[in-house]
Amino acid sequence: MNNNKTVYLIGNGPSLNEIDVAALKNDITISFNRAYIAYEDWGFDPTYYMIIDIRVLENIYEDVNRLITHSKIKRFFIRDVDGTEDWNHSCFSTREHIVKSDKVTFITTNELIKGMKANVSFEDMGYFGDVSVCSLQVLYLLGYKRVLVLGCDANYEEKKLKGVKITGNEYVSSEDNDLNHFRPDYFGKGTVYSKPFGDGHFLAWIKMAISLKNGLDFEVYSGSKNSRLTNRVFPFLTIKDFKMGVVRSWSLSRLYFERIILKFSQLF
């Protein structure tokens, strides 16, 4: 198996705690948002870093700049927004705040794109409201053929939020008690982020999975047993099986069924 064609997508959900992330030190990886708080524990910096939530970036851009300047991350993929757009009631301008570097690629997202396109580009890719889903387009553009998704639970529950002040679409945490991510300090004290997408995360994964059935040479698997994606959206593979090149298929009709059930449940 050509390891240069495989990549590990490291999400930030609670199921990531099932994974020995440190064992991926010599593999190609991508991580997102505030995952950098765990890099020291993992013992390595990922190959790639990506962020599309401008509310979060506005809060952590100084940390991101330090990563660009000092970390071993090879490339950064950052959503490009103009401060005049007032996206999500934020006037933050990406290019004005992110340090200039050859390692940075600015991406432009389009909410009208609902799946993977063969002609996807950094200037026109689906937004999906989920950075992990969005990143599959980046990995496809980079030439990867197989992706193992780790720690993406698609099971965000707002009822689990504690110590969070909500003002419109802005959420501000006042304590380290984040139960929706792999560490309680992920969106810990003092962090600011956008209104969670709820079941929209799961639906985004389903839409992406359906689009991947359209003849693209691109395989996605779930490697976290307790993820909502496992054997519902993507077939399960252990890290060992993934490294060995094991292939498993999944039913397209099942994906449509999952999407219908989810949409129906949202009516009540």
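The values are calculated or read from the model by the stated rules, or taken from the named source; none is laboratory data. Bear in mind the structure is a predicted one, so any value in this text is a computation, not a measurement. For neighbour counting, all protein chains shown are included, and Cβ atoms are generated from backbone atoms with ideal geometry for every residue, glycine included.
Counting the residues of the range 201-257 that are of a type in the set (D, E, K, R), out of contact with any helix residue (DSSP H, G or I) (no Cβ under 7 Å at 6 or more places or on another chain) and closer than 20 Å to G151 by Cα gives 6. Annotation: of all residues in the range 191-244 being under 26 Å from N119 (Cβ atoms) and of a type in the set (K, R), the one that is nearest to the chain's Cα centre (by Cα) is K207.
For every residue, the table says whether it meets (1) at pLDDT 95 or above; (2) within 21 Å of V172 (Cβ to Cβ); (3) in a helix (DSSP H, G or I); (4) among the aliphatic types (A, V, I, L, M).
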position	(1), (2), (3), (4)
Y8	yes, no, no, no
A22	yes, no, yes, yes
A35	yes, yes, yes, yes
E40	yes, no, yes, no
L67	yes, no, yes, yes
K72	yes, no, no, no
F76	yes, no, no, no
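Of the set (1) surrounded by 15 or more Cβ atoms within 10 Å (Cβ to Cβ); (2) modelled with pLDDT under 95; (3) in a loop (DSSP other than H, G, I, E, B), all apply to N88 but (3).
Would you please name the residue that is nearest to the chain's Cα centre (by Cα), looking only at residues in the range 152-178 that are in a loop (DSSP other than H, G, I, E, B) and at pLDDT 80 or above?
Checked the range 152-178; the qualifying residue nearest to the chain's Cα centre (by Cα) is C152.
Please enumerate the residues belonging to the range 218-250 that are modelled with pLDDT under 90 and either among the aromatic types (F, W, Y) or loosely packed, with under 15 Cβ neighbours inside 10 Å (or both). Correct list: N231, S249, W250.
Number of residues in the range 179-193 that are assigned to a strand (DSSP E or B) and either buried (at least 18 other Cβ atoms within 10 Å of the Cβ) or at positive phi (or both) equals 1.
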